[in-house]
1. Residue by residue through region 49-88, note down the ones that are more than 17 Å from TYR3 (Cα to Cα), among the small types (Gly, Ala, Ser) and touching a strand residue (DSSP E or B) at 6+ places or on another chain (Cβ under 8 Å).
2. Being modelled with pLDDT under 95 and either surrounded by 18 or more Cβ atoms within 10 Å (Cβ to Cβ) or part of a loop (DSSP other than H, G, I, E, B) (or both) is the filter here, so list the residues in region 32-50 that pass it.
3. Name the single residue that is nearest to HIS27 (Cα to Cα) among those in region 116-133 being open to solvent by less than 30 Å² (accessible area, probe 1.4 Å) and out of contact with any strand residue (DSSP E or B) (no Cβ under 9 Å at 6 or more places or on another chain).
4. For region 134-193, give me the residue count where each residue is open to solvent by less than 70 Å² (accessible area, probe 1.4 Å), free of Cβ contacts under 8 Å to residues at least 24 places away in the same chain, of a type outside the set (Gly, Ala, Ser) and not in a loop (DSSP other than H, G, I, E, B).
Amino acid sequence: MAYCQWTTGSPLLGSHTAQQRVVVCVHGLTRNNRDFDFLAQTIVKASSNLSRSDPQVIWTVYSVDVVGRGKSDWLEDKTKYAYSTYTKDLAAFLEHVTTSHNVAKVDYIGTSMGGIIGMCLFFAGAGKYINTLTLNDIGALVPAVGLARMADYVGKDPRFQEFDIAEAYFRKIFQPFGPLTSEQWKHITMYSIVPDTATDKHKGIARTLSSSCPHNHPCT
């Protein structure tokens, strides 16, 4: 599982002298860990100010690429693109970071699919690794209109001749993301496109939408 990491200082892995706080961020269905760049930088900056009064506290933020997204591996068996797979992977990741940083629990932030995975972690017994659970753009009820909107672009394979055309496309399909700055839209676009030589193995993630159906429990 690929991930990005930010920290307020040198994370003394396994240290028993420095108190450590760990934040884990998990993205939405078609997104990747770079969606959390701005948030992670904000958390680390704010935490750095707090750490000046207590240098023994080290904050670390992780943002992960769920399998099939970003720089994580793609699955040959597309039926494995399911919440059961994502939950198992995240549980293993949480176990790893809590052990590495010598902490009992992490603060978990999940957007959309990432939020569902967070809830599934509790269902699967991995909630023991989570101190706080922050859900963004998700809840106990997933409106059908939202799933229908996502179905219009999930699994599609658009090609773009120019960066500006790609940016316009993402501004349209991700309009519900809210009032982002021009810099943020360019950031999203930059980390949403790949060279035209890339294969279509990622298309299997579209099946996750069926797992989000109110009649199917996503955690099984």
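1. SER51
2. ILE43, VAL44, SER47
3. CYS120
4. 5
The values are calculated or read from the model by the stated rules, or taken from the named source; none is laboratory data. Note that the coordinates shown come from a computational prediction; the quantities given were computed from them, not determined experimentally. Here the Cβ is made from the backbone with ideal geometry for all residues, glycine too, and neighbour counts use every protein chain on show. Calculation scope for accessible area: heavy atoms of the full protein, side chains included, ligands and nucleic acids excluded. Shrake-Rupley method; radii C 1.70, N 1.55, O 1.52, S 1.80 Å.
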